[in-house]
Amino acid sequence: MNNHLSFEVTDWKEIVRLSLKLSKLIRENSFSPDLIIGILKGGAVVSRIVSDFLGKELFTLKISFYEGIGQTGETTITQELNADVADKKVVIVDDIVDKGDTLALAFNYFQKKGAEEIRTGVLHRKPWTDFNPDFWVKETEKWVVYPWEHFEFLRLGNKKLNSNLGTKNKKRLKRAMQKVKAKIQEFSDM
């Protein structure tokens, strides 16, 4: 992992495309889950698309982790699952795996709940992760900015610009913020 901030700003079209690729990877692997488990908040949209494509029931588990751009907090389950997973095959779906704490916590949670078989899938995988998902679409070292977090990114980015970030990282952050604003503007002009 490098100390230089670099960003990949995504849009809704790309998310649908990547989510469909993830769905196909799961299906082509001959794994037929009983349930799709979306990790909230980041995996909400992705898991909904995967659930729809595979025709499987969707449930969610909320795990809180990130505190801001380039900052992390303790990984905790903040909303329990409202489904019985005992003796069921499940796929845990999230947007990204970075260090891997979120997926590891979810995986262990479902093991304890008696799931028969557990697989994991994400859109983006960081090369330094400690938890390798079974299914992933794209590997990146960049900070991925998803369309469902554009406004949050701008709020956090403005705060980060006033910190001791360094000149190059501030320039990179400003460029990413400009891209996010352009993505938002596309929808505003509709």
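The values are calculated or read from the model by the stated rules, or taken from the named source; none is laboratory data. Everything numeric here is computed off the predicted structure, so don't read it as measured data. A quick note on method: Cβ atoms are made from the backbone with ideal geometry, for glycine too, and the neighbour counts reach across all protein chains shown.
Observations, loosely collected:
- Qualifying residue in segment 47-57 (condition: part of a strand (DSSP E or B) and either without any contact (Cβ under 8 Å) to a residue 60 or more places away in the chain or not polar (S, T, N, Q) (or both)): yes
- Residue within segment 168-176 that is buried (at least 16 other Cβ atoms within 10 Å of the Cβ), under 24 Å from ARG17 (Cα atoms) and of a type outside the set (Phe, Trp, Tyr) present: yes
- Residue within segment 154-166 that is farther than 20 Å from ILE15 by Cα, in contact with a strand residue (DSSP E or B) (Cβ under 7 Å, 6 or more places away or on another chain) and of a type in the set (A, V, I, L, M) present: yes
- Test result for ASP98, touching a residue at least 40 places away in the same chain (Cβ under 8 Å), of a type in the set (Asp, Glu) and surrounded by 14 or more Cβ atoms within 10 Å (Cβ to Cβ): no
- Total residues in segment 46-67, condition at pLDDT below 95 and loosely packed, with under 14 Cβ neighbours inside 10 Å: 1
- Top-ranked residue in segment 5-45 [being of a type in the set (S, T, N, Q) and not in a helix (DSSP H, G or I); ranked as modelled with the highest pLDDT]: THR10
- Some residue of segment 143-155 being charged (D, E, K, R), surrounded by fewer than 20 Cβ atoms within 10 Å (Cβ to Cβ) and within 19 Å of LYS62 (Cβ to Cβ): yes
- Matching residues, segment 78-99, being within 14 Å of the chain's Cα centre (by Cα) and within 20 Å of GLU149 (Cα to Cα): VAL93, ASP94, ASP95, ILE96, VAL97, ASP98, LYS99
- Cβ-Cβ under 8 Å pairs, at least 6 apart or on other chains, segment 157-176 side over 10 Å from PHE7 (Cα atoms) and charged (D, E, K, R), far side part of a loop (DSSP other than H, G, I, E, B) and modelled with pLDDT under 90: LYS160/ILE69; LYS160/GLY70; LYS168/HIS4
- In segment 78-95, the residues that are in contact with a Phe, Trp or Tyr (Cβ under 8 Å, 6 or more places away or on another chain) and either of a type in the set (Ser, Thr, Tyr) or crowded, with 24+ Cβ neighbours inside 10 Å (or both): VAL90, VAL91, ILE92, ASP95
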